[in-house]
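Encoded as structure tokens, the structure appears first; notes follow it.
Please treat every number below as a calculation from the coordinates, not as lab data. All figures in this text were calculated on a predicted structure; none of them were measured in a lab. Positions of Cβ are backbone-derived with ideal geometry, glycine not excepted, and every protein chain shown enters the neighbour counts.
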Amino acid sequence: MRTPKHIKSENIFEQLMEACKYCSLGQLTAAMFEVGGAVPEKHVMRSCLLLMLFTLCLTCSGQMKSVQRPDGTIWKNNKHARGFFETGWKRYDYDSTGVLLRESEFASIVKDTYLLREVEYVNGQPVVVFSKTWFARAYLRGLYWFMLVFFATFFSRVFVNSGIYNRENNTDMSPVYAHIGPLVTNNFGHSLASTFTFWWKTEALKLENQRAAVISNFLSVTALVLFFGSLIGLALSGELH
């Protein structure tokens, strides 16, 4: 297939970010299918990773702030610029003389706040009143990092797999299936195979696909370890009810 002149086989990240200001998800999907496989999968995957990195920067921007209230309580927390996600913030409670009475650590995810650990100070000695397991604390504190890495690895491998299938079968299909009103693409089988192929036998593939297969296997293992590892860790921690 001849590459359209307006694509030029270049990185489309900047154009994608600009289009997001004016187009809906359905319109963007339809436009991608209009050009079909003309966009090399390496550029699509790179744009996907850059978009996720951009989301992470928006999410994690901010700085530590300390606020002292009239009752003597001092709050220290990580306020993000967008005010959408807060994690790993602490509250320090002092008496009127400035002696530390209690230290509480929280993790806030959207509108839900979880108490991770609470320590009271008796005669200057710390006494742990409540504490989640180390895994639960680490998981809740780093939830956005976990989500970013998981989704980046899971969906990146879909585009890598799509390229492998296209080269193996001499096809030119997109891994993104769309069924939006009258728009129904004919790549359902290709999309399904690209999404749910988690392991390749590299020696059975064409030479040009073997390197991509190794990358896909690595991404699949990373995504599966993160997913099942988190479930097992939370179950052993007693956090799954």
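A few notes on this one:
- Here's the picture: a label point sits 7 Å out from the Cα of residue 199 along the beta-carbon direction, and within the stretch 216-232 the residues with their amide nitrogen under 15 Å of it are 216-225.
- For the stretch 82-166, alpha-carbon Rg over 2.2 N^0.38 Å: 1.65
- Potential lengthening between residue 130 and residue 110 on full extension [0.36 nm per residue; Cα-Cα distance subtracted]: 4.9 nm
- Given their separation in residues at 0.36 nm each and the Cα-Cα distance between them, residue 184 and residue 120 gain 17.0 nm when the chain is fully extended.
- Label positions at residue 218 and residue 96, each projected 7 Å from the Cα along the C-beta direction, are separated by 6.3 nm.
- Most to least packed among 180-189, 149-158, 224-233 [average Cβ atoms within 10 Å]: 149-158, 224-233, 180-189
- Debye intensity ratio I(q)/I(0), log10, the stretch 194-240, q values 0.18, 0.25, 0.32 Å⁻¹ (C-alpha model): -0.61, -0.85, -1.08
- J(HN,Hα) series, the stretch 140-146, from Karplus relation 6.51 cos²θ - 1.76 cosθ + 1.60, nearest Hz, glycine and proline x: 6, 5, x, 4, 5, 4, 4
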